[in-house]
Number of protein chains: 2
Amino acid sequence: MLGNFVYCNPTKLYFGTTALEGLREELPKYGKNVLLIYGGGSIKKNGIYDAVLKILKECGKNVYEDAGVMPNPTSEKVYDGIRRARESKADLLLAVGGGSVIDYAKAVSVSVHCKEDFWEKYYVGGAEPDCEIVPVGAVLTMVGTGSEMNGGSVITNHEQKLKIGHVFGENVFPKFSCLNPEFTFTLPEYQMVAGFYDIMCHILEQYLSDTDDNTSDYVMEGLMRSLIHSSLIALKDPKNYEARSNIMWTATWALNTFVAMGKTTDWEVHMLGHAVGAYTNATHGMTLSAVSMAYYHHILPYGLAKFARFAVNVWGVDAAGKTEKQVAEEGLSRMADWMRKLGLAMDLKTLGVTPDMIEGIADATFINQGGYKVLERKDVVSILKESL
Amino acid sequence: MLGNFVYCNPTKLYFGTTALEGLREELPKYGKNVLLIYGGGSIKKNGIYDAVLKILKECGKNVYEDAGVMPNPTSEKVYDGIRRARESKADLLLAVGGGSVIDYAKAVSVSVHCKEDFWEKYYVGGAEPDCEIVPVGAVLTMVGTGSEMNGGSVITNHEQKLKIGHVFGENVFPKFSCLNPEFTFTLPEYQMVAGFYDIMCHILEQYLSDTDDNTSDYVMEGLMRSLIHSSLIALKDPKNYEARSNIMWTATWALNTFVAMGKTTDWEVHMLGHAVGAYTNATHGMTLSAVSMAYYHHILPYGLAKFARFAVNVWGVDAAGKTEKQVAEEGLSRMADWMRKLGLAMDLKTLGVTPDMIEGIADATFINQGGYKVLERKDVVSILKESL
């Protein structure tokens with residue numbers, strides 16, 4: 001059953017090989033000062049930086065820069081970004097990169113005019129902004145997080161060993177995003193497949209919750225089937241436009257709030273993954289893949305019917321003559337095969353986790369309420385140990 | 001493959017049993033004068049009129065009325081609406097009803113400040129508005145058209161015997177829509193099932209086009225499976241909230257532009273249905289169901305692989321040991337069974353079409369370019385005759 005909800009997603013998307021031309025439509029809507037936000041500089045190698053800068057200049061903008069946003073953006077870096085945005089009197093924050101860069105831009109956007117400490121207010125405190133928000137636009141170069149069309153923003157505080165995601169309201173969503181699948185072609189395979197698993201995990205965090213019948217579940221089964229199909233094509237042929245364009249679109253819809261409407265969601269794999277990330281700085285998607293199988297096997301008995309439906313409708317398991325449990329487990333087994341085929345991290349050791357870290361990671365793991373089993377601390381420890 | 005596109009859908013949705021409370025959030029954003037637009041008065045019997053009026057009054061609005069919008073709203077009625085909106089200096093057009101009422105409100109919204117003739121400019125001419133647009137809000141009482149979250153507006157000109165749909169840009173989309181599934185409980189069964197088929201047909205018009213692999217196709221298969229499942233529950237138990245809420249949500253997403261992005265679409269069944277509607281004034285969904293089977297069988301050879309995929313993924317046809325054609329035809333046969341179970345019109349005779357009307361209906365049928373076969377006039381005549 002669909003519970004009561006409010007849905008609004010005003011982000012404008014420019015999709016395809018001409019997506020960057022969308023900047024020419026959008027830039028005139030904002031003031032002259034643009035803070036260009038990006039990461040480690042790969043956009044300078046693949047030509048995206050030059051292409052964006054050319055359009056910014058042609059549109060008569062004053063361009064200021066905020067480079068060096070790291071894969072798991074830190075609170076320290078956000079303070080730096082706030083200062084830069086203030087100094088440049090930025091009218092628009094243009095994030096060019098993957099989810100981390102866009103997440104970071106949102107953190108800056110709500111903090112430039114905020115008088116309180118942003119980390120305490122938004123991330124620890126979970127408050128909504130009550131100040132002016134500097135608009136964010138995005139040019140996406142890596143798929144996975146859905147940050148291009150939602151209010152999500154994950155920031156890591158190394159001092160506090162906390163990685164916290166805040167889901168802001170629609171006034172913090174990017175005003176526009178340019179999605180050119182070709183921009184994802186040059187991503188190293190490790191990052192590419194981590195992104196694929198991030199997408200899958202986003203869908204599962206929303207799918208593996210509730211026992212009701214729900215339109216969203218049918219839609220998510222479609223999104224997962226499309227992702228599985230295209231991911232295997234992209235693995236062999238990363239420049240396959242058909243596969244990469246479908247994956248890019250799937251990623252956006254996996255986490256732009258649509259499929260979550262009216263249902264409960266879990267997000268416990270992300271809580272585990274965030275805690276691992278705070279201890280290891282490992283790639284986000286890999287922290288998720290490394291704990292997933294242990295987590296899903298742990299909760300399977302509590303959501304058996306849904307796991308069995310997942311096996312049949314997504315993985316094509318033939319249920320004839322099998323118990324529900326057998327069907328459900330065969331589904332997870334096929335999923336693990338797919339994960340191994342992609343080359344995902346299947347354990348925490350690979351990511352640099354050592355047994356002495358387990359208790360600390362367990363302490364840093366938030367317990368959510370929406371999944372098939374509300375974990376106790378001992379469940380968390382057991383899942384982490386099993387993932388080692 | 002996903003072609004290039006721009007996507008933006010800013011409509012805010014309030015969904016569920018408390019949806020009407022969304023009006024209290026939205027009304028303060030607009031001026032004092034509200035033109036309340038509705039149909040034949042069923043909203044006065046079921047209490048929706050009183051509930052809406054109460055909130056309008058509590059929010060301090062001056063309420064003006066435009067009642068009597070007919071199921072296939074006419075150009076004549078739109079002129080009347082334009083006059084009423086001008087006289088009341090309407091700041092907001094609040095459409096309370098099904099797709100016809102919302103379609104009509106959109107036609108008025110773009111015409112109040114338009115100096116040219118609205119029918120010639122927008123519907124015959126296909127132009128976009130270049131004048132101020134009066135904002136539209138909606139309270140949905142009947143599902144099917146998706147008009148609550150798109151720019152579509154179908155108007156019938158009886159004098160010219162033309163029923164034309166214009167798809168306006170996002171500036172004409174309703175600013176907000178309130179979707180309470182309970183408001184659909186009292187709809188007569190004939191209207192309910194016609195709405196169900198309208199939803200199915202919307203999806204098929206977008207699904208049965210292209211030979212590429214496409215995320216949207218997977219999503220649409222999910223939407224159709226959800227619809228088929230819930231429609232049969234609703235048929236037996238129209239007050240089943242789970243079924244009606246899922247159908248309401250499916251209807252919105254079937255036609256709010258999402259699934260059409262990056263792919264070609266057909267819409268030829270709607271062209272046939274509109275022509276039938278202009279001659280008979282029959283319920284929209286029934287004009288679609290009456291011509292569908294003849295149309296699909298006619299184009300099946302040209303889109304065989306997709307029809308076979310449809311049979312397997314949506315209708316659960318077992319493909320083992322069968323030719324692609326057999327699989328495809330078994331899919332259509334199962335679909336026809338579902339349609340008969342719902343009690344849909346399966347031929348044109350039922351809708352009052354007589355053999356002497358065929359040539360006129362064929363003349364009034366627009367030929368689209370996006371389907372598996374671009375029809376010639378003789379195809380249209382043959383499909384219509386077969387549908388008799």
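The values are calculated or read from the model by the stated rules, or taken from the named source; none is laboratory data. Values in this document were obtained by computation on a predicted structure and should not be read as measured data. Cβ coordinates were reconstructed from backbone atoms using ideal geometry, including for glycine residues, and neighbour counts include every protein chain displayed. Accessible surface is based on the protein model in full, side chains and every heavy atom, while ligands, DNA and RNA are left aside. Shrake-Rupley method; radii C 1.70, N 1.55, O 1.52, S 1.80 Å.
Table for the structure above
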| read-out | value |
| --- | --- |
| Of residues in region A:10-20 being more than 7 Å from chain B (Cβ to nearest Cβ) and touching a helix residue (DSSP H, G or I) at 6+ places or on another chain (Cβ under 7 Å), the one farthest from residue B:174 (Cα to Cα) | A:20 |
| Region B:21-50: number of residues that are open to solvent by less than 40 Å² (accessible area, probe 1.4 Å), away from chain A (no Cβ under 14 Å) and farther than 21 Å from residue B:108 by Cβ | 1 |
| Unmet criterion (only one of (1) without any contact (Cβ under 8 Å) to a residue 60 or more places away in the chain; (2) open to solvent by less than 10 Å² (accessible area, probe 1.4 Å)) for residue A:205 | (1) |
| Residues that are at positive phi and at pLDDT below 95, drawn from region B:15-46 | B:41 |
| Considering residues of region A:236-261 that are under 16 Å from residue A:194 (Cα atoms) and touching a Phe, Trp or Tyr at 6+ places or on another chain (Cβ under 9 Å) only, the residue farthest from the other protein chains (Cβ to nearest Cβ) | A:238 |
| Positions within region B:225-235 being touching a residue at least 24 places away in the same chain (Cβ under 8 Å), more than 7 Å from chain A (Cβ to nearest Cβ) and either among the acidic types (Asp, Glu) or open to solvent by less than 50 Å² (accessible area, probe 1.4 Å) (or both), in sequence order | B:227, B:228, B:231, B:234, B:235 |
| Residue that is nearest to residue B:260 (Cα to Cα) [pool: residues in region B:358-388 that are buried (at least 18 other Cβ atoms within 10 Å of the Cβ) and of a type in the set (A, V, I, L, M)] | B:375 |
| Residue among B:19, B:51, B:107 that is within 26 Å of residue B:155 (Cβ to Cβ) and of a type in the set (A, V, I, L, M) | B:107 |
| So residue B:295, is it of a type in the set (Phe, Trp, Tyr), assigned to a loop (DSSP other than H, G, I, E, B) and crowded, with 20+ Cβ neighbours inside 10 Å | no |
| Every residue from region B:362-378 that is more than 22 Å from residue B:301 (Cβ to Cβ) and outside any helix (DSSP H, G or I) | B:364, B:366 |
| Scan of region A:122-147 for residues that are closer than 20 Å to residue A:85 by Cβ and either under 12 Å from the mean Cα position of the chain (by Cα) or of a type in the set (Lys, Arg) (or both), ordered by number | A:147 |
| Where residue B:267 falls short, out of the listed (1) within 14 Å of chain A (Cβ to nearest Cβ); (2) open to solvent by 10 Å² or more (accessible area, probe 1.4 Å) | (1) |
| So residue A:151, is it in contact with a helix residue (DSSP H, G or I) (Cβ under 8 Å, 6 or more places away or on another chain) and either open to solvent by 40 Å² or more (accessible area, probe 1.4 Å) or at pLDDT 95 or above (or both) | yes |
| Test result for residue A:285, small (Gly, Ala, Ser) and in contact with a Phe, Trp or Tyr (Cβ under 7 Å, 6 or more places away or on another chain) | yes |
| Search result, residues across region A:142-196 that are among the basic types (Lys, Arg) and closer than 21 Å to residue A:249 by Cβ | A:175 |
| Matching entry among B:305, B:311, B:345, B:328 (being crowded, with 19+ Cβ neighbours inside 10 Å and touching a residue at least 60 places away in the same chain (Cβ under 8 Å)) | B:345 |
| Residue in region B:113-122 that is in contact with a Phe, Trp or Tyr (Cβ under 7 Å, 6 or more places away or on another chain) and not in a strand (DSSP E or B) present | no |
| Which numbered condition residue A:214 misses (of (1) at the interface with chain B (Cβ under 8 Å from one of its Cβ atoms); (2) open to solvent by 10 Å² or more (accessible area, probe 1.4 Å); (3) of a type in the set (S, T, N, Q)) | (2) |
| Options B:330, B:359; residue that is touching a helix residue (DSSP H, G or I) at 6+ places or on another chain (Cβ under 6 Å), acidic (Asp, Glu) and either at pLDDT 95 or above or not in a loop (DSSP other than H, G, I, E, B) (or both) | B:330 |
| Residues of region A:157-182 that turn out to be more than 14 Å from chain B (Cβ to nearest Cβ) and surrounded by 22 or more Cβ atoms within 10 Å (Cβ to Cβ), as a count | 3 |
| Close pairs from region A:103-131: first touching a residue at least 12 places away in the same chain (Cβ under 8 Å) and closer than 25 Å to residue A:33 by Cα, partner open to solvent by 50 Å² or more (accessible area, probe 1.4 Å) and acidic (Asp, Glu), Cβ under 6 Å, at least 6 apart | A:113/A:132 |
| Count of residues meeting criterion [among the β-branched types (Val, Ile, Thr) and without any contact (Cβ under 8 Å) to a residue 12 or more places away in the chain] in region A:314-325 | 1 |
